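Inspection log for the structure reproduced underneath, given as C-alpha cells.
Quick note: the coordinates plus some simple rules give every number you see, no bench work behind them. Predicted, not measured: the structure shown is a model, and the values here were computed from it. In this analysis, Cβ positions are derived from the backbone assuming ideal geometry, glycine residues included, and neighbour counts consider all displayed protein chains.
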Amino acid sequence: MGSFFKKAAGAAVILSAFSVRGSLMILVAFVLSSTSLSAHEYSELHIHEGSNQEGSSLEGSNEERSNQDKSASVQTRVTQDNDVRQLLELMGVPEQLDQNAKIINETVKKQLGQTVVNDDLRPILDAFNSDLKKSIEQTISWAALKGSYISAYKNKLSPEDLQRGLEFLRSDSGKNFMQAQRLAAMEIKLLTDHLIQNDVINPLNQRLESLKEQLNEMHQQTEGIEDRPTN
C-alpha cells in the first residue's frame, strides 16, 4: 500500500514539471502502472478501506448508544422525581409545610402587633414583619423544600418500595389511613397544648407570681430597716 501512495506522489511531481501534453501522457502511463498493483497491495488497500468504514460505523454506533443511555438515565431520574413528588403530595407534606409557615408568620405578626412602639418605629416594624414573612416562605415552605424532600425520599426508598407506597396511598385503604392520621394528629395537638398549658405554663406562672411576692416582701423589709432611726 505504501508504494501506491508513493506512485501517486511521484506522478503529481512529474505532472507539475512537464507541458500539458506531456503531463497527459505521463498521467496515462501512471494510471496504467497503478492498475498493476500486486495482489498483496490490492488486498491491503481493500482491507484498510473496509476498516475505515467499519471504524466509522462502530464509532457512530457507540456514540448513538451513549446518547441513548444518557437520555434513558435522565428520563428515569425525572420519572423517579415525579413519583416521589406524588408520594409526598398524597402524604400531605406540601400542605403541612405551608401550614407551618403560615402559623409562624401569623404568630410573629401577632407578637409584633402587640409590641408597644411609637409612631416613628411602626413603619420599621412593619417592614421587618414583611421581610420576615418572605424569608420564612423562602426557607420552610413547600416551594423552598420540595427539592430537598424529593432527594431525601428518593435516596431512602427503592423504586419497588416507592411504587408500593404509591399504590397503597392511592387505594381506598391508603386514603382512609391518611385521613385517620390527620385526625389523630389534630387530637394529639389539642392534647399536647392542654398538657403544656396545665402542667407547664400555669405552674410556671404561679411560681413566678410567688417569687414576685417574695421579692416584694424582701424589698419592703429592706426599706423598713433603712428607715429605722440610728442611735
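What the table below lists for this structure:
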| item | result |
| --- | --- |
| Fewest-first sequence of 189, 146, 175 by Cβ atoms within 10 Å of each Cβ | 189, 175, 146 |
| Cβ-based exposure ranking for 83, 126, in which fewest neighbours within 10 Å come first | 126, 83 |
| Fewest-first ranking of 210, 141, using other Cβ atoms within 10 Å as the exposure measure | 210, 141 |
